[in-house]
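**Q** The structure is given below, and queries will be raised subsequently.
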Amino acid sequence: MFSHSDSDSHGHSHGLLAVVFLGALLILDGGSVAAQAPSGGRSAVDSAAPTRLRAAFGYEIGEERRYVLEPARSLRPGESAWWSIVLDDIQGEGDETRIIFDLEHERTEIIRDLFGGINGRMQVVTVDGRLTVNRFGFPQRLVINEQHDVHGERGSQSDVRTTLFTFDGERFIKQVRINGREWKFNIAIASHDDLDLGGPVGLYAYVPKALSCLGAPGAVGRPSRCPGGDPAFANPGLLSIALPAMWEEQVNKKRFLFFMPSGVGTVPAGLMDMNRFMALERDQLRNNTRYYDKTDLEVKEYVQSVEIGPRYVDAWLLDASGEMREFYAEPGGRVLKVFIDPHPVTHGERWIRLLFPSEY
């Protein structure tokens, strides 16, 4: 089982955890779980099973998970951020299985004036997306709609900007539409030991970095810019798609390749340097680190009575490299709480944690 030096009781818990996660990958309407893995990939769906799937990666169809940036004492007045993920549908069978998630995100950012104050100006960033993955969690298609509204003195509202990522079997095709104009770019996929484009398998959509821009001062007159990925996709619910690979391989440490999608960004379309924008998108060498990150995740211990908002739950503590730091997850795969870097201005500790339905 896990290569870990814990006591016998922890070894038993690790084995149980592996079984629980394997059973949470893809579940049929009939209640049976098939763990057949064809050659060339890892999956927990029987490609011959005609029964409609009703759950995947620990999600039931229609299930929503919401997350919020906390604690309020570490944020500046007016700052906020929340995320939502819903398993909307499961389509197809076997290798043609497609699992569709609806994503939402909203954050409020402070805009500095010349004297370092906020002058009553805030930007609200609203992002919604529709992510399609295969039975291995590999992203096949992602549609992003984003809008940036400035409130306060000289308020303004941007048009909705749409970005589409499509996997074509070798790379991602990124299509961007701003104010009626469209651009298309090829995004090569970074190399990784577990990556197999024939599956395809070994890549997951999640942003484990770029979180330092949440609450960063930014340039005068503009909110902070996120250099690698959009915080909208730092949604902890996306981690639940990646985690089962650890339990299926029965390891307590694994390096993941994460795809870090982003839309157009926070600069109003009328102020964008389009030549710079296109040159950046076409820079394949830089795209290797701009769109991808290799993050180590490691199971540390099973912890009892972890405080998650108004509740205390038992959960696994995992450690992560980079800006994401450590996080808690239930044996069923639901991510509960992710610790991120301290606030860049207040220096207070921060985390993103699950909201329970009674808190909606």
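Just so it is clear, none of the values below were taken in a lab; they were calculated from the coordinates. If you're wondering where the values come from, they're calculated on a predicted model, not measured in any experiment. Please note: Cβ atoms are built from the backbone with ideal geometry, for glycine as well, and neighbour counts cover all protein chains shown.
**Q** In the neighborhood of P261, defined by Cβ-to-Cβ distances under 10 Å, what is the net charge if each Lys or Arg adds +1 and each Asp or Glu adds -1?
**A** On the way: positive: K174; negative: D230.
Combined, the nearby Lys, Arg, Asp and Glu give 0.
**Q** With Cβ to Cβ distances under 9 Å as the rule, what net charge do the other residues near L131 carry (K, R +1; D, E -1)? Don't skip to the end; give the middle numbers.
**A** Numbers: positive: R130, R141; negative: D102.
Net local charge, L131 excluded: +1.
**Q** Straight-line reach from K337: which lysines have a Cα under 30 Å away, not including same-chain ones fewer than 8 places off?
**A** Within the straight-line cut-off, K337 pairs with K209, K253, K254, K294, K300.
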